[in-house]
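The structure under discussion appears below in the form of C-alpha cells.
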Amino acid sequence: MPGPLCKPWEHQLSRRHWLGTVGAGAVGALGCGGLLPPVLADEVNQSKRQVLFVWIDGGMSQLESWDPKPNTQFGGPFRAIDTSVPGIQVSELLPRTAQQMHHLAIIRSLCTQDNSHSAGVGRIQRGDPKNRGVTYPYFGSAVAKLMGPGASKLPPYVWIKPGSGGFKHQDAGFLGPRYGALAFGDGQPPENLVRPASLSADRARDRSLLRQRANERYLQGRPSSVTEANSYVFDVAQTLMDRKELFDESAFSRKDVERYGSHEFGRHMLLGRKMLEAGVRFVKVNSYGWDTHGDNFNGHASLMPKFDQAFAAIIEDLAASGMLEQVLVIAMSEFGRTPRINGHIGRDHWPEAWSLAMAGCNVRRGVVVGETNPQGTWVESEEYDIGHMFHTWFKALGIDPHHTEYDNGGQPLPIAHDDCGVIEELLS
Amino acid sequence: MIRQVDAETLKARFEPHELQVIAADPQIVGAYFSPCGTRLVAGGFDARLRRWSLEADEAVELPAVEGHNGWVQAIGFDPKGTELFSGDSWGQLRAWSWDKHHVRPAWIQQTAHDGWLRDLHVCPRGDMVATCGRDQVVRLWSTTDGSLQRELRAHEHDVYCVRFHPDGRTLVSGDDRGVVKHWNASTGACLGEFDASELYLLHRLQDVGGARVLRFDGTGGTLACGGTTPKNGGTVQGAPTILLFDVASRNLQEKLSLGAPNQCLVHDMHLHDEGFVMAVTSGTPGQGQLLFQRPGDEEPFVKTTNMPNCHSLSLHPDGSRLAVVATNRGSNGNGRRLDKDGRYPGNTSPIHLLQLGPADA
C-alpha cells in the first residue's frame, strides 16, 4: 500500500525511468520523508541488486570447509573451529571466513544429481531444470536477461577467470548470445580496450556510427540474434572503454591487495569487488584446480587459505560499505567430495551430501540450514537440489520464480525447476 | 653410498616375498616395527594407535591406544625401545612407556604444534624428540619430561618432515616448497639449505609437492629427500622422485626418478646399509610401487607393483623383513557406491609383511 504522503504517479514510475531521471542517490529528495513507498522501494531495491558468484571449479571438499566432521572415520586431519556465531563451526582452514560467519548462511543439505564435471558444471549452473528440449542459461545469463545491466550500462554478466577471456555466448543457452558472459581472462580487460593514440575521439565515434548503420542495413530481413549480439559486444566495449580504470591494478590500494592476497584468486576477487562497485549486475569469480582426487588434504591445506583470505575480505568489505544489503553472494562448486579417502589420499566426486555458502540480499545471516549425518555421508534433514537454490536465489533478487517465465520465441519456460521451491529458511 | 655388490646379487639377497597380509580396517597412515621386532605399531585415520603382536605365526591385533585426535601420522621409538612417541594432526605430542605388553602414558604436550603435527624423530642419543608441523615450526622436546628445549623458526611454510643426523648433532627439516634446512641441534642455528625445490610446483592456486620424506644413510654422508617432480595439482600427478645430497657440501649428487607421473609420490623410504634405496610410492588409485634401487643405476633391481598405493615402509630390526602399508583395490570412485549390505564403505590398509631374500630362508 502507498504511504500517506506519496502520490499515485510515483507508483507508475518505471524502474528504467526512475534510474534514468532520479537515480538511486536521490532517494531522500522525493518528499516521502526519506521513505519510499513499499512497492516502489521494492522496485528500486531490485534494480540495485547484484550477484557475486564465486565458482570453485572441480569441487571444494565440504569436509574441509563448511561441514567439518572432526575425529570421525572420514573427517580427515583438520580441526573444526568456532565462528563469530556461537554454535556454528567450520573447518580450521577457514579462520578468516569464520569471523564473517555472522554475515553468512551455510546450507549443508545439498543433494544433486550429477557426479561428473563434464555434465555437472553446466547442470548446476543452469539450475538443472526439467528437460524441455532447450539449453537453459547459466545463472549469470539468466540474471542478465531478467534484470538487465542496471544503471551502470556496464555488461550485465562478467566472468573473472584464470586463463583466456573473451565473449562466452554459450552460457546464454536459448536466451541468445547477447546474454553470454564477458570473460576477463586472468582479470585482464578485453584486448585493444584502449583507443589508440592515433585515433581521435571524433574519428572513433564516426567509425562506430558507420558500424552501427552497416549493422542495421545487414539486419534487414535477417535473423537478429547473432547480429544483435555482435552489435552488443561493440556497445559493451564502448562502455568499458569509458571505465578502463577499473582494470588498473596499480591503482588498487596496497592494503586491499594484502587483504585479498596477491595470489591469482585474491587479485580476481578484488577486481570482482571493483566491478560490483562500478555497478556490474552479475560478477562471477572463478578458481580452477580443486579436483583433488589425489593429495586432497595437502591440496586443501594449500587452496583453502587463499579462498579464505579473499572470500572473507570481500564479505567484510561488502558488509562495511552496506553493499551486502543488495549483493547476493554465493560460493559453490559443481559438487562436494567423497567422505571416503581413496588410496591417493584424495577424495572423489560427491553430489550426495554437500554444502555451499551464501550472504547478502535478503539471505538470513549467521545461520546453517540442513545437516548431514555424523559421518558426513548422507543428508539427514530435507535434501535440496540445485533447483531449490535457483528458486531461492531468484526470490532473494526480487524475482518471483513461480510467476516469472522466459519467452523462448513464444514458448513460455519456467526460470527454475517446476518441482522445486524456495528454501524459506534461508531468506529473511 | 657404497657400491660393492652387483645388482643381481642384491636382488637374490633382498627380493621380497609375501609372508602374510594384516588387514587394517579402517585405514591407517603407516605401520612400523618396534625396536624389539615383536610388535607393529600403526597410526590411524581414526585417531588411534594400533598394535599387532608378531610373536605367533599370524599377527594378532592388540587393543588400540586412545587419546589422540584426527590422524596419528607421526610415530617413533627411542633407540632403547622403551619409549614410544606419537603425534597427531591436531598438534598433540604424546610419550608412552613402552614394552611389548604395555603402553602407558608418560607425558603429553597438548599443543606441541598449532594444528597438524606432520613428523617426529628421536635423536640417536635418545634425549630429544624433534617435531614439525603445519605451523611452520620445528621443535625439540626433552624425551624425559616433554619440556620444550628449542624452537627452530626459519621455514616460511608447512614443514612436512624432520630427521636427526646419525651423529645426533644436527638435524634437517623439509617444507612444502622443497626447502630443506640443516640445523645445529644444540644451538638451533641454521647451518644452510639443501635445494629440493624441483620437488615443488605452484599449479594454478595450489602448492604441489614439496619435501615429503627425509632419510640419512647409516654413515650420515648422504641425505635423501623424497617426493614427486610435480606435473599438476588437483589430482596430483608427477614422477616419484628421490634427491640424494652430499651432506658435507649440501650439493645434489643424484636424482632418482622412480616412475611415470601416475605413480606420483615417494611416501616413505629407507637407505639400506648395503648401499641402495628402499622406497614406496603411491599415485593414481591402484598405482603403488615397492622399489629397491642403487644410486647410479638406471633401473631398480627390485620393483613390485602388486600393492596398490603404498604409504609406509618399515625394515625389521633384524633386517630380514619389511612391513609395507598399502591400500585395498578399488579404493576410489565418484558418487554413491554401497557395499553388499547397503552401507557406505570406507577403505582399508592391508599391511604386507614381506620376507627379504629367498622365500625358504
- If ligands, DNA and RNA are left out, what is the accessible area of A:Asp206 with a 1.4 Å probe, given in Å² to the nearest 10? 100 Å²
- Query: Straight-line reach from A:Lys395: which lysines have Cα under 17 Å away, leaving out those fewer than 8 places along the same chain?
  - Reply: A:Lys48, A:Lys145
- Task: For the protein assembly as shown, give the percent of accessible area contributed by carbon and sulfur heavy atoms, probe 1.4 Å, rounded to a whole number.
- Result: 47 percent
- So how strong a dipole does chain A carry about its Cα centre when Lys and Arg Cβ are +1 and Asp and Glu Cβ are -1, to the nearest 20 debye? 1460 debye
- Query: Using heavy-atom solvent-accessible surface (probe 1.4 Å) with all chains present, what is the largest-first order of A:Tyr136, A:Tyr179?
  - Reply: A:Tyr179, A:Tyr136
- Distant-in-sequence amide H partners of A:Thr338 (H built 1.01 Å from N, under 5 Å): A:Asp348, A:His349, A:Trp350
- Item | 1.4 Å probe accessible area per residue over the protein assembly as shown, in Å² | 39 Å²
- Message: From the phi angles alone, apply the Karplus equation (6.51, -1.76, 1.60; θ = phi - 60°) to segment A:268-273 and give each ³J(HN,Hα) in whole Hz, x where the residue is Gly or Pro.
- Response: 5, 5, 5, 4, x, 4
- Item | Peptide B:80-87, shielding by other chains (average Cβ, 10 Å cutoff) | 0
- Query: Looking at this model, which pairs from B:Lys303/B:Lys340; A:Lys69/B:Lys181; A:Lys153/A:Lys274; A:Lys153/A:Lys306; A:Lys284/A:Lys306; A:Lys69/B:Lys100 are more than 24 angstrom apart at the alpha-carbon?
  - Reply: B:Lys303/B:Lys340; A:Lys69/B:Lys181; A:Lys153/A:Lys306; A:Lys69/B:Lys100
- Task: Note the angle between two axes, namely the Cα long axis of helix A:296-321 and the longest principal axis of the Cα atoms of chain A, as a number of degrees from 0 to 90, rounded to the nearest 10.
- Result: 50 degrees
- Tell me, what is the percent relative contact order of chain B, built from C-alpha pairs under 8 Å that lie six or more residues apart? 14 percent
- Ballpark to the nearest 100 Å², how much total accessible area do B and A bury together, probe 1.4 Å? 3900 Å²
- Query: Ignoring ligands, DNA and RNA, how do B:Asp318, B:Asp135 rank by accessible area with a 1.4 Å probe, largest first?
  - Reply: B:Asp318, B:Asp135
- Computed over the protein assembly as shown, the distribution of all Cα-Cα distances in 20 Å bins, rounded to whole %, is 15, 43, 28, 13, 2, 0
- Note on the structure: For segment A:402-408, in residue order, the Karplus 3J(HN,Hα) values (coefficients 6.51, -1.76, 1.60; θ = phi - 60°; whole Hz; Gly and Pro = x) are 8, 10, 9, 10, 7, 10, 9
- Determine, from the Cβ-Cβ distance of A:Glu258 and B:Leu191 and an R0 of 30 Å, the FRET efficiency 1/(1 + (r/R0)^6), rounded to the nearest 0.05. 0.35
- Task: Pop out a list of residues from segment A:114-140 that are at least 30 Å² less accessible with all the protein chains around than in their chain alone; 1.4 Å probe, no ligands or nucleic acids counted.
- Result: A:Asn115
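The values are calculated or read from the model by the stated rules, or taken from the named source; none is laboratory data. Just so you know, these numbers come straight off a predicted model, no measurement behind them. Cβ sites come from the backbone with ideal geometry, for glycine too, and all protein chains shown count toward neighbours. Accessible surface areas use protein heavy atoms only, side chains included; no ligands, DNA or RNA. Shrake-Rupley method; radii C 1.70, N 1.55, O 1.52, S 1.80 Å.
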